[in-house]
Amino acid sequence: MNQVSAFYTGPGQLLAAISSALDAAGVDRTSLRPADLAAVDEFHIRGRRATLEIMAALALTPDSHVLDLGSGLGGPARTLAELTGCTVTGVDLTPEFCQVATALSEWTGLSDLTRFQVGDATATGLPNESVDAAMTVHVAMNIPDKHALYAEAYRVLRPGGTFVVYDVLQGEGGEVYYPVPWADDSSTSFPATLEDMRGLLPLAGFEVISEIDSSDESLAWFQHMRAKIQREGPPPVTFATFLGDSFAQMTANQVANLAERRIRTVMFACSKPS
Ligand SMILES: C[S@@+](CC[C@H](N)C(=O)[O-])C[C@H]1O[C@@H](n2cnc3c(N)ncnc32)[C@H](O)[C@@H]1O
C-alpha cells in the first residue's frame, strides 16, 4: 500500500467503529442524514460549512454530474447530492475510505446519487469531458505532482464547467508543525504556496474566477470545536474515529499552524473555458 493511503488506513473495522459509536449514542441509523455524520465524514477544515460554500460556487442542478477528487469518507459528495439532487463520483486512493463512503451513502439513502471508486486523482481513468463540475477538498497536500492533479481535473471536466479547489496551503509563517490530519511528517506532505497555486491553475488551462482565504475562519473553527468538545464532550463519531489518539495533538498543531500562518486555507473557483 502506498504511504499516503497507509496513513489514512486504520487498524481496520472503521465502518464497525462508526456503527457501534452511533448505536452507543442512540442515533437511529434508519433516519440518518448527511449532516448527522459531518463530524466524521466532512474531513476538512470548517467541515460542512466549507462544503456548502463549494456547493454554491459549483451552481449545481439535478442534472449535474460532479467529480470529487480525493473523496475520503464521502461527506462532501453526499451533502451536494442531498441538497441539489446532482450525482457525484468520488475517486480516492484509500480503499477503506471508499468502502466506508459507499456504506455511509447506503445508510443515508444516497446510493443512487453517489458512487466511490478507488483510484489516483492524478489519473482517474474517466473519459475526457465527462463531468459538469469537479472539486478537490484538502487532498493536494498529499500530492507532490500538483500539475498532474489539476491537468486531470481539466481533462475530465466539460468546457464551461466549474472546478473548485479548497486546500491547505503552505503559509509564510514557517514549516508546518507535524503531525497534522493529513500526514505524520513532511514525507507525505507537500502543501503548495499561494504563489504556486496562482501559477498552477492557469497552467492547467483554468481561468481563476475567485480566490478566498478563510484562514481566520479556520482558526476560529478549530477553537470553537475544541471549546465545544471540552464543554460537552465529543460527538459520537469524529476524525479521531480513524485518526486515533494522535488526533488531539494534530488539532493542537493545526491551531498553532493557523495562528502562526504556517498554513492557510484557500478556496479557488475556476472555469474551464468553453
Ligand atoms: C484530508 S482527506 C479529505 C477527504 C475529503 N476530500 C473530505 O474533504 O472529506 C484526504 C483524502 O485524499 C485522499 N488522497 C490523497 N492522495 C490521493 C491521490 N493521489 N488520489 C486520490 N486520493 C488521494 C486520501 O486517501 C484521503 O481520503
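Before we move on, is Arg155 more than 12 Å from the ligand (Cβ to nearest atom) and out of contact with any strand residue (DSSP E or B) (no Cβ under 7 Å at 6 or more places or on another chain)?
Against the criterion (more than 12 Å from the ligand (Cβ to nearest atom) and out of contact with any strand residue (DSSP E or B) (no Cβ under 7 Å at 6 or more places or on another chain)), Arg155 qualifies.
For a quick check of your reading of the model, give me the residue pairs whose first member lies in segment 240-264 and is under 21 Å from Asp216 (Cα atoms) and open to solvent by 20 Å² or more (accessible area, probe 1.4 Å), whose second is in a loop (DSSP other than H, G, I, E, B) and acidic (Asp, Glu), with beta-carbon atoms closer than 6 Å and at least 6 apart or on different chains.
Arg261/Glu172
What about Leu104, is it in contact (Cβ under 8 Å) with a residue 24 or more places away in the chain, in a loop (DSSP other than H, G, I, E, B), more than 10 Å from the ligand (Cβ to nearest atom) and closer than 21 Å to Thr136 by Cβ?
So Leu104 does not fit the description; no.
Condition first: under 20 Å from Phe239 (Cα atoms), small (Gly, Ala, Ser) and outside any loop (DSSP other than H, G, I, E, B). Now tell me which residues in segment 169-196 satisfy that.
Listed by number, the list holds a single entry, Ala183.
What is the residue count in segment 174-195 for residues that are touching a strand residue (DSSP E or B) at 6+ places or on another chain (Cβ under 8 Å) and surrounded by fewer than 19 Cβ atoms within 10 Å (Cβ to Cβ)?
2
Of the conditions (1) over 16 Å from Ala133 (Cα atoms); (2) open to solvent by less than 20 Å² (accessible area, probe 1.4 Å), Glu106 clears all except one; give me its number.
(2)
Hey, any hits in segment 88-97 for a residue that's in contact with an Asp or Glu (Cβ under 8 Å, 6 or more places away or on another chain) and open to solvent by 50 Å² or more (accessible area, probe 1.4 Å)?
There is at least one residue in segment 88-97 that is in contact with an Asp or Glu (Cβ under 8 Å, 6 or more places away or on another chain) and open to solvent by 50 Å² or more (accessible area, probe 1.4 Å).
I need a count of the residues in segment 173-210 that are in contact with a helix residue (DSSP H, G or I) (Cβ under 8 Å, 6 or more places away or on another chain), more than 14 Å from the ligand (Cβ to nearest atom) and of a type in the set (D, E, K, R).
Total satisfying the criteria: 2.
Residue check: is Leu37 within 16 Å of the ligand (Cβ to nearest atom) and either closer than 22 Å to Arg226 by Cα or among the aromatic types (Phe, Trp, Tyr) (or both)?
Judged against the criteria, Leu37 is a match.
The values are calculated or read from the model by the stated rules, or taken from the named source; none is laboratory data. Given the structure is predicted, the values throughout are model-derived calculations rather than measurements. Cβ coordinates were reconstructed from backbone atoms using ideal geometry, including for glycine residues, and neighbour counts include every protein chain displayed. All accessible areas refer to the heavy atoms of the entire protein, side chains included, with ligands and DNA or RNA removed. Shrake-Rupley method; radii C 1.70, N 1.55, O 1.52, S 1.80 Å.
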